[in-house]
């Protein structure tokens, strides 16, 4: 059996208009590439589950993560749990991770794929490629994210076999910092993580703030401390422990900046409104 080159893994919940945009952009971007789309939906009630069921090119996983069932409150599963469902289903050489409130600027995935291919052809042990993104309108400039002194992938590509090797995402984190932890596990196993200078993603930060507020924000400090404590002396020098306790990370801005000729962010804004 021939497997696809790229597996898209997209987390989604109650953002159907944005999800449709995200999917359509992926279809257009990868129309000349072998790919699969895997969407892990958290039990949407806005019609997304029904829409996904009609999409014959999408592998849909519905993991109800809110509400009640049979008189009992459904136990909330962490980000790593539901994303691992998608990661473990992926059959492509590369896994591209996105969220439903993000939209690729045309060329983002293809440029990241080309960079990954080039590095592997040069026998460079590459595990992840981070795309530049911005949380519009909070941040107007594009950046990649750095925690405890290490670049990690917020949106971007992973080598599927490398994720399998390190056991995917750590499900002990409630919601935040598991993506950082996953890249640190890759680095511990000798893999590199680099940015793609020509890959950009728009993330509309003001979309459904009530969903973001429900993402276990009150446990964010616990997750941050777990990351800092777990990787002390491994991913960063012990002497930096107090520094990261105060400020765990920063944005690494794109060195030349980027003006999107496609005005991609406006599509997200229009979908939200």
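Dividing the summed helix terms, -39500 (n - 2.57) for each DSSP H run of n ≥ 4, by the number of residues in the chain produces a 222 nm estimate of -10000 deg cm²/dmol to the nearest 500.
Each of 265, 74 was scored by other Cβ atoms within 10 Å of its Cβ. Listed from fewest to most, they are 74, 265.
Among 18, 1, 119, the ranking by other beta carbons within 10 Å of each residue's beta carbon, starting with the fewest, stands as 1, 119, 18. Note on residue 220 and residue 74: their simple-model spin labels are 2.4 nm apart, each label 7 Å out from Cα toward Cβ. Under a Gaussian network description of the chain, with springs only between Cα atoms under 10 Å, the residue in 37, 58, 228 that fluctuates furthest is 58. Stretching residue 53 away from residue 262 to a fully extended chain increases their span by 72.2 nm, per 0.36 nm per residue minus the current alpha-carbon distance. Between residue 1 and residue 31, the FRET efficiency estimated from the beta carbon spacing at R0 = 25 angstrom works out to 0.70.
The listed peptides 42-49, 242-249, ordered by packing as a protection proxy, come out as 42-49, 242-249 (highest mean of other Cβ atoms within 10 Å first). In the chain, Cα pairs under 8 Å separated by at least six residues give a relative contact order of 22 percent. From the coordinates of this entry, semi-axes √(5λ) of the Cα gyration tensor in Å is computed, and it appears in (i) 26, 23, 20; (ii) 37, 18, 16; (iii) 31, 22, 20 under the label (i). Exposure proxy ranking for 131, 175, 82, 258, based on other Cβ atoms within 10 angstrom of each Cβ and starting from the fewest, stands as 258, 175, 82, 131.
When the chain is treated as a Gaussian network with alpha carbon springs shorter than 10 Å, the biggest mean-square fluctuation among 256, 180, 33 belongs to 256. Between residue 171 and residue 242, residue separation times 0.36 nm minus the direct Cα-Cα distance comes to 23.0 nm. Select from 222, 36, 68 the residue whose mean-square fluctuation is largest in a Gaussian network model of the chain (Cα-Cα springs shorter than 10 Å). Fluctuation is largest for 68.
Taken together, the values in this text are just the output of simple stated rules run on the coordinates, not laboratory data. Everything numeric in this text was worked out from a predicted model, so none of it was measured. Cβ: placed from backbone, ideal geometry, glycine included. Neighbour counts: every protein chain shown.
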